[in-house]
1. So what is the accessible area of the chain per residue, in Å², with the probe set to 1.4 Å?
2. Ignoring ligands, DNA and RNA, what percent of the accessible area of the chain is carbon or sulfur (1.4 Å)?
3. Using Cα pairs under 8 angstrom and six or more residues apart, how large is the relative contact order of the chain, in percent?
4. I need the trypsin sites (Lys or Arg not before Pro) found in the range 1-76, filtered to DSSP loop residues with at most 13 other beta carbons within 10 Å of theirs.
5. Could you give the dipole magnitude of the chain about its Cα centre, charging the beta-carbon of Lys and Arg +1 and that of Asp and Glu -1, in debye to the nearest 20?
6. Mind listing which GluC sites (Glu not before Pro) in the range 36-91 are in a DSSP loop and have 12 or fewer other Cβ atoms within 10 Å?
7. Explain nothing, just compute: Karplus ³J(HN,Hα) = 6.51 cos²θ - 1.76 cosθ + 1.60, θ = phi - 60°, for every residue of the range 10-23 in order, whole Hz, x for Gly and Pro.
8. Output ³J(HN,Hα) for the range 36-47: one whole-Hz value per residue in order, computed from phi by the Karplus curve 6.51 cos²θ - 1.76 cosθ + 1.60 with θ = phi - 60°, and x for Gly and Pro.
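The values are calculated or read from the model by the stated rules, or taken from the named source; none is laboratory data. Note that the coordinates shown come from a computational prediction; the quantities given were computed from them, not determined experimentally. Cβ coordinates were reconstructed from backbone atoms using ideal geometry, including for glycine residues, and neighbour counts include every protein chain displayed. Note: areas computed on protein heavy atoms with side chains; ligands, DNA, RNA excluded. Shrake-Rupley method; radii C 1.70, N 1.55, O 1.52, S 1.80 Å.
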Amino acid sequence: MRNVKVKVIGRVQGVGFRYFTQQKAANFSINGWVKNEKDGSVEIIAQGESESIDYFLRALSIGPRPYAKVTNLNVEEVETEITYDYFEIKH
């Protein structure tokens, strides 16, 4: 099991990015959460198999076109004792 914390920077708020992220998480069997940050970025905690995380991150780097524009994807491997059962959008 792999756990990553992702900060997505660019035009990623107000363009359906969180819903896109939730859809891609379902596609790749990823659990965790996504939320908007006050600085205009989107933060994601993702948990899943390593290959699935890789595919998920590739999809995030593209985003829901044509509206979103991801300029940077900061990915940090994290340790956690939490096991997520699903992927949710936090408000």
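1. Per residue, the chain has an accessible area of 60 Å².
2. Working: 2500 of 5490 Å².
It is 46 percent, rounded to a whole number.
3. Values: 186 pairs, mean separation 41.6, N = 91.
Computed value for the chain: 46 percent relative contact order.
4. Working: sites: 2, 5, 7, 11, 18, 24, 35, 38, 58, 69; in loops: 38.
Answer in residue order: 38.
5. On the way: 12 positive and 12 negative charges, 125 e Å.
Dipole magnitude for the chain comes out near 600 debye.
6. On the way: sites: 37, 43, 49, 51, 76, 77, 79, 81, 88; in loops: 37, 49, 79, 81.
Counting only loop positions with at most 12 other Cβ atoms within 10 Å, the GluC sites (Glu not before Pro) in the range 36-91 are 79, 81.
7. For the range 10-23, the Karplus-derived couplings read x, 8, 10, 10, x, 10, x, 5, 5, 5, 4, 4, 4, 5 Hz, x marking Gly and Pro.
8. Taking θ as phi minus 60°, the curve returns 6, 10, 4, 7, x, 8, 10, 10, 9, 10, 10, 9 Hz for the range 36-47.
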